[in-house]
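Colleague: This is the structure, below, for whatever I ask next.
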Amino acid sequence: MKRFFHCVSILLLFELAFGSRDTLHYDVTVFGIRCGKISYSSEEENISITALSSGLIEYFYPFKNDYHTSFDTLTFGIRNYKKTAKQGDFKQRLSGRWDSSTKEFTYDNFNSFKRADSCMTIFTLLERLNRENPEKLDTKWFQIEHEGSLYRSRVLLAGTEKILINGASIMSNHLRLDLIPDDREIKMLDRSDYFSQNITRSEAIKQIWVEHKPSGKILKASVKIGPITITATITDK
């Protein structure tokens, strides 16, 4: 059951990226059963995401997580970050900001970390997939700041394929997302929300399907940990 919760929360990563201009909505399912829903909104340089439990999981493990990120529109480097997580009895708030004079990202009540001004977060990397052709990002490495830890990330284009969305067959770019930690850094937090804590797990197989257009939105994503695969699918037509 604990693995199930990890997988559900990990999928929040992908749900963050599922639209760059409107408020879009996604269903999260495991074994075909709905367990969560996501609303995603973005403006020119801001992303706001709310993830809510739904279905049976609402009765025994309710969650409501909010993530807000601002970024540079050219490099997608992080500028501000705020998280409010409520998962069962666990509650957490985290916020931070980029300081261009010191080249550091500082978390309130925590540490400061040297980061390049182009250093993204998982969220802004996925937003980049919404705004740029994934083929141009294929195989390229990017630095990722994740709650005080530094990662290298890349997307790998596995090919193009048609997927069924709301009864319609849509051509998409099929991508795989890799995250590799910089072992020189120690984790800032002993505990975090399930998404933030588990999305970087090495055994998590992360896949994304992006609409096959010069600037297309993410249509679907999945995360597989062990025998469990969690899927998020857009519900907007």
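The values are calculated or read from the model by the stated rules, or taken from the named source; none is laboratory data. Treat the numbers as computed from the prediction; the structure is a model and nothing was measured. Counting neighbours? That spans all protein chains shown, and the Cβs are built from the backbone with ideal geometry, glycine included.
Colleague: With the requirement that a residue be of a type outside the set (Ser, Thr, Tyr), surrounded by 15 or more Cβ atoms within 10 Å (Cβ to Cβ) and touching a residue at least 40 places away in the same chain (Cβ under 8 Å), what does region 149-172 give you?
Modeller: VAL155, ILE163, ILE165, ILE170, listed by residue number.
Colleague: Scan region 94-148 for residues that are in contact with a Lys or Arg (Cβ under 8 Å, 6 or more places away or on another chain), exposed (fewer than 15 other Cβ atoms within 10 Å of the Cβ) and of a type in the set (Asp, Glu) and jot them down.
Modeller: ASP117
Colleague: So how many residues does region 149-165 have that are in contact with a Lys or Arg (Cβ under 9 Å, 6 or more places away or on another chain) and either at pLDDT 95 or above or farther than 23 Å from ASP66 by Cβ (or both)?
Modeller: The number of residues fulfilling the criteria is 8.
Colleague: Sort through ASP183, ASP178, ASP190 and tell me the only one that's at pLDDT below 85 and acidic (Asp, Glu).
Modeller: Only one candidate qualifies: ASP183.
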